[in-house]
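The values are calculated or read from the model by the stated rules, or taken from the named source; none is laboratory data. The structure displayed is predicted, hence computed values, not measured ones. Cβ placement follows ideal geometry from the backbone for every residue including glycine, while neighbour counts extend to all protein chains displayed. Surface accessibility is based on the protein's heavy atoms, side chains included, excluding ligands, DNA and RNA. Shrake-Rupley method; radii C 1.70, N 1.55, O 1.52, S 1.80 Å.
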Amino acid sequence: MEKVHDVELKHFSNEYLDVLHSFELPEEQGQFTALPSKILEVKEGQHRIVILCEDEPVGFFLLHSTERVKAYSDNPKAMLLTALSVNHAKQGKGYAKQAMLLLSDFVKTEFPYCDEIVLVVNHKNVPAQRLYAKVGFTDTGKRKTGPIGEQFVMHLSVKNT
């Protein structure tokens, strides 16, 4: 996979399970995402992605190519990113930013049909909004109502060159 500063994205495998189960988040972050330990079972079209630093899991997210994507994009080639988290003990080192900078190339390689990634971010989750904007996601102007309020729909174009 692609690497930036020893950070890489890989598909989930059982070798990462113990470390992913040990992930913790403070309550103020936990309200916006799901810990990897809560995402043991995946359906067809859901892809668990692990953020690694020097082969150690430091973060996690899900990519969806399911019907759920249609709630956020009319593009049949779009994928939905959910459940992004970085273990609290590993936060503040830029892992989420580096992972999101690798996302486009990872998706081009692993999901060549995909040309757009969409996500929703809670209006109260300003740090996440800043992160996504820094790595190239833009606000689509669409709004959804989530379990804890208004959510902004953001997207990133994935250009296959």
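Okay, here's what the table says:
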read-out	value
Whole-percent carbon and sulfur share, accessible surface of the chain, 1.4 Å	48
Mean separation of Cα contacts under 8 Å (6+ apart) over length of the chain, as relative contact order %	21
Amide proton proximity set for THR140, modelled H, under 5 Å, gap of 5+	VAL153, MET154, HIS155
Gyration tensor verdict on segment 20-67 (Cα atoms; rounded if a/c is under 1.5, prolate if a/b is larger than b/c, oblate otherwise)	oblate
Rounded to the nearest 10 Å², the accessible area of LYS70 at probe 1.4 Å	130
Relative contact order of segment 90-161, pairs being alpha-carbon contacts under 8 Å that are 6 or more residues apart, as %	37
Segment 12-74: relative contact order as a whole-number percent, Cα under 8 Å and 6+ apart	28
Exposure rank, largest accessible area first [SER104, SER22; 1.4 Å]	SER22, SER104
Residue of LEU119, LEU17, LEU84 that the Gaussian network model of the chain assigns the largest fluctuation, springs spanning Cα pairs under 10 Å	LEU17
Gyration tensor (alpha-carbon) shape descriptor, the chain, a/c threshold 1.5	rounded
Long-range amide H partners of VAL58 with built H, under 5 Å	ILE51, LEU52, CYS53
Karplus (6.51, -1.76, 1.60) ³J(HN,Hα), θ = phi - 60°, over segment 46-58, in Hz, Gly and Pro reported as x	9, 10, 7, 10, 9, 8, 10, 10, 6, 6, 9, x, 10
Lysine pairs in segment 63-115 with Cα atoms under 29 Å, if 8 or more residues apart or on separate chains	7
Heavy-atom accessible area ranking, 1.4 Å probe, most first, across ARG130, ARG68	ARG130, ARG68
Exposure of LYS142 as accessible area (Å², to 10), given a probe of 1.4 Å and all protein chains	90
Amide H within-cut-off set for VAL158, under 5 Å, with H built and near neighbours excluded	GLU116, ILE117
Residue-by-residue Karplus 3J(HN,Hα) for segment 100-115, coefficients 6.51, -1.76, 1.60, Hz, glycine and proline x	5, 5, 7, 4, 4, 5, 4, 5, 4, 6, 8, 9, x, 6, 7, 10
From phi via Karplus (6.51, -1.76, 1.60), per-residue ³J(HN,Hα) for segment 13-30 in Hz, x at Gly/Pro	9, 4, 4, 8, 4, 4, 5, 4, 5, 8, 4, 9, 9, x, 3, 5, 8, x
Within the chain, longest stretch clear of exposed GluC sites (Glu not before Pro) (DSSP loop, no more than 10 other Cβ within 10 Å)	55-161
Residue with peak Gaussian network fluctuation, the chain [Cα springs, cutoff 10 Å], from VAL121, VAL107, VAL19	VAL19
